[in-house]
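Just so it is clear, none of the values below were taken in a lab; they were calculated from the coordinates. All of these numbers come straight from a predicted model, not from anything done at the bench. All Cβ positions, glycine included, derive from the backbone under ideal geometry; neighbour counts span all protein chains shown.
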Amino acid sequence: MVKTIISRVRGYTIENNFVIMYSIMIIKLGLLILFFAVFIFVGIKCRAVSNDVNGYVLGGRTVGPWLTAFAYGTSYFSAVIFVGYAGQFGWNFGVASTWIGLGNAFIGSLMPWAILGRRTRVMTQHLNSKTMPDFFGQRYESKTLKVVASAITFLFLIPYTASLFNGLSRLFRMAFNVDYSVCVIVMAILTAIYVIVGGYMATAVNDFIQGIIMLIGIVAVILAVLSKNGGFMQSLALMSEIESPVLKGAYTSFFGPQPFYLLIVVLLTSLGTWGLPQMVGKFYAIKNERSIKIGTVISTFFAIVVAGGCYFLGGFGRLFNTPEQVAANGFDSVVPTMLSGLGDVLIAVVLILVLSASMSTLSSLVLTSSSTLTLDFINSFKKEKSSDKHNLLILRAFVAVFIIISAVIAIVQAKSKVTFIAQLMGVSWGALSGAFLAPFFFGLYWKKTSKAAVATSFTLGCVLMLIQLSISMGFVHVSGPVLGLIFKNSLYSGVFSMLSSLIIVPIVSLCTAKTRPAGVEKMFDCYNTTVTVHTTNALSEED
């Protein structure tokens, strides 16, 4: 009798557990299906706005502050940051890694909006340029610079795009036990659908939805993770007890155990946005002056919460991982390990959070790369100007091609652990920002910037990062206090590339005055155009 009762209880327990597990899986799948259905619906609804090249690439330059600000923020932060950088730098710097997120907010978000936003919108509309390479071609009156900038953009955005997929593998295995390749393929197909159909406006609207998910998700995750160790103060006390190579308590100190390295990371991940085509391109499409002011505040707030939250969370990684685990599984395992003990529903929320971050960045990179390849590279070699309808067809085709190439690279890298691809991903950001930051900034502000200076910056940025790639691959060896520091890793060389270009461009421009574009005075007249506004926006002298 007793045995019968026990067996029935066990059977009921097993059956009950199965029902619970099945229900949780239904919830997870339901959230994913709803997530993808909304984005495809938005893509279809935005098709009407994307019936010409201007609408497809820039949304007709009528995008408001909320959509633009969220598009900027969601393009900035992806699974690379949430899973990779937050885990790596949180492990290295402890709680001080939060400075990286704050740097992203103020140097990478607030300052570009305030310094580049208005001038970018005015100058690009005056020159009728739709992409960053097109801006270089128009601003410096050089077809060669336009083609070279387009080639640099396309080549270095592919590995950067592929790296987005890598951050999802561990989380998908943790939540669904789904093969990484399946995850990549599904994500690529769904992103392709809404970008091909709806263009920039679809990505902007979806970025807004994804941004809301990211804001709510990161707050919920931080609270849940810290509560596992008794809350913030108790977690901080436990972190202060962890030994570091420098001193005890270094992982809770103000600047962490490696202050200079922390500064390098802040500069690369923050200042680098000033020269990235997919980031600066958001300013091309913004609607008006009021939108820039509101967008500046929204974008900064978004970065504080999302970037600050990601790095703050990663700073407590040592409470959930051992040095042996990290040595065996890599830094990408730090954040997933922290999240593995959360409830199933919260893990589903985290999955949606990371998917939102990745798909928003992916759509931005895809649109940027396909537009520059079509409008700036291919069309530059055509004798006859293509029709708007033909360009739009080619644009959509290259969106698909770009996504396929990136997905294949991501799968190959994950399956075979190809070192070259992994290293190339690391130099992408430094090469793009090192090549473009100074020419773009001085192109907006300084009439004396010359073509030769721009060409020098392009060459410097690419050559330095290719040297870094060769060193990382073991093909080249450098030594000495200066070269050893510059090429210590792609972060150091990337920052050196950006800062040196800001010095070299004005120097070369002063020495090569003959290569300045002839029509520069007329270009800068766009900043002096008289605009009439209502008194609700500006007071007159009489008032």
Any idea how far the Cα center of segment 89-152 sits from the one of segment 256-294, in Å? 7
Spin-label pair THR512/THR459, simplified geometry with 7 Å Cα→Cβ offset, distance in nm: 0.7
With a cut-off of 16 Å, note down the residues of segment 255-280 whose backbone N falls inside the zone around a label point 7 Å from the Cα of TYR445 toward its beta carbon. 271-276
Among VAL454, HIS390, PHE441, flag the residue with its Cα farthest along the positive direction of the charge dipole of the chain, charges on Cβ as +1 for Lys/Arg and -1 for Asp/Glu. HIS390
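Could you order the peptides 134-146, 334-346 from most to least packed, using the average number of other C-beta atoms within 10 Å per residue?
Going from most to least packed, we get 134-146, 334-346.
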Run a plain Debye calculation on segment 418-528 (Cα atoms as equal point scatterers, no solvent) and give log10 I(q)/I(0) at q = 0.21 Å⁻¹, rounded to two decimals, same order as the q list. -1.00
How many nm is it between the label spots at VAL219 and LEU155, if each spot is 7 Å from the Cα in line with the beta carbon? 4.5
Give me the extension gain from LYS385 to ASP52: residue separation times 0.36 nm, minus the current Cα-Cα distance, reported in nm with one decimal. 118.3 nm
Between the residues SER497, SER370, ILE27, the Cα farthest towards the positive end of the dipole of the chain, that dipole coming from +1 and -1 charges on the beta-carbon of Lys, Arg, Asp and Glu, is from SER370
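If you average over every viewing direction, what projected area does the convex hull of the Cα atoms of segment 23-414 give, in nm²?
That works out to 18.7 nm², a quarter of the Cα hull's surface.
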Cα-centred dipole magnitude for segment 418-528, charges only on beta-carbon of K, R (+1) and D, E (-1), debye, nearest 20: 260
Within the chain, which whole H helices from DSSP have a Cα span along their axis of at least 15 Å and a mean Kyte-Doolittle hydropathy of -1.0 or more, if any? 2-45, 65-76, 143-166, 180-227, 259-271, 289-314, 344-371, 388-416, 419-445, 451-472, 490-511
Could you check the simple spin-label distance between PHE41 and GLU243, using points 7 Å along Cα→Cβ, in nm with one decimal? 5.7
Cβ charges +1 (Lys, Arg) and -1 (Asp, Glu), total dipole of the chain, debye: 760
For ASN528 and GLN234, compute 0.36 nm times the residue count separating them, minus their Cα-Cα distance, and round to one decimal in nm. 100.1 nm
Sorted on mean Cβ neighbours within 10 Å (highest first), peptides 257-269, 447-459 come out as 447-459, 257-269
So how much slack lies between ASN288 and LEU319, counting 0.36 nm per residue of separation and subtracting their Cα-Cα distance, in nm? 6.4 nm
How do HIS477, HIS126, HIS390 line up, fewest other C-beta atoms within 10 Å first? HIS477, HIS390, HIS126
Using helices alone, I'd like the mean residue ellipticity at 222 nm for the chain: each DSSP H run of four-plus residues gives -39500 (n - 2.57), total over residue count, nearest 500. -23500 deg cm²/dmol
To the nearest 0.05, what FRET efficiency results for ILE503 and LEU29 with a Förster distance of 45 Å applied to their C-beta separation? 0.25
If we restrict to alpha carbons, what Rg and Dmax does segment 112-157 come to, in Å? 11.3, 30
Peptide ranges 244-255, 485-496 listed from the most packed, as the mean C-beta count within 10 angstrom indicates: 485-496, 244-255
Quote the FRET efficiency, to the nearest 0.05, computed for PHE254 versus ILE212 with a Förster distance R0 of 25 Å and r equal to the Cβ-Cβ distance. 0.15
Over the chain, what is the mean sequence separation of C-alpha contacts under 8 Å (at least six apart), divided by residue count, expressed as relative contact order in percent? 27
